[in-house]
Amino acid sequence: MNPLLAFGQIIVSFALIAAILLQARGTGLSGTFGGDSAVYRSRRGVERRLWQFTIVLLVLFVLFSLVSFVFAPAAG
């Protein structure tokens, strides 16, 4: 496995874990600062950007995984 691919996948995975933990259900960023609401609402501002960033990280993680699979040495 290419060390650069492995390092990139590790960095993306840590960033993805952090982004998911920041989106804890029921707390959210608004709940962190005292604006918690039980009513359904759409994501706005920072929460929306965090959601989009999480999707980008997910796509990057999948791409790193697929590329590392394709370039993996053949077993046997």
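The values are calculated or read from the model by the stated rules, or taken from the named source; none is laboratory data. Everything numeric here is computed off the predicted structure, so don't read it as measured data. Using ideal geometry, Cβ is built from the backbone for each residue, glycine included, and neighbour counts are taken over all protein chains shown.
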Requested in this report: May I ask you to list the residues in the range 45-64 that are within 22 Å of ALA6 (Cβ to Cβ) and either without any contact (Cβ under 8 Å) to a residue 12 or more places away in the chain or outside any helix (DSSP H, G or I) (or both)?
Outcome: VAL56, VAL59, VAL62, LEU63
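Going by the structure shown, is SER30 modelled with pLDDT of 90 or more, in a helix (DSSP H, G or I) and hydroxyl-bearing (Ser, Thr, Tyr)?
On the way: modelled with pLDDT of 90 or more: no; in a helix (DSSP H, G or I): yes; hydroxyl-bearing (Ser, Thr, Tyr): yes.
When the stated conditions are applied, SER30 does not pass them.
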Query - Checking PHE71 against (1) surrounded by 11 or more Cβ atoms within 10 Å (Cβ to Cβ); (2) more than 15 Å from the chain's Cα centre (by Cα); (3) modelled with pLDDT under 90, the condition it does not meet - result: (1)
Report summary line: With criteria (1) exposed (fewer than 15 other Cβ atoms within 10 Å of the Cβ); (2) modelled with pLDDT of 85 or more, SER37 comes up short on (2)
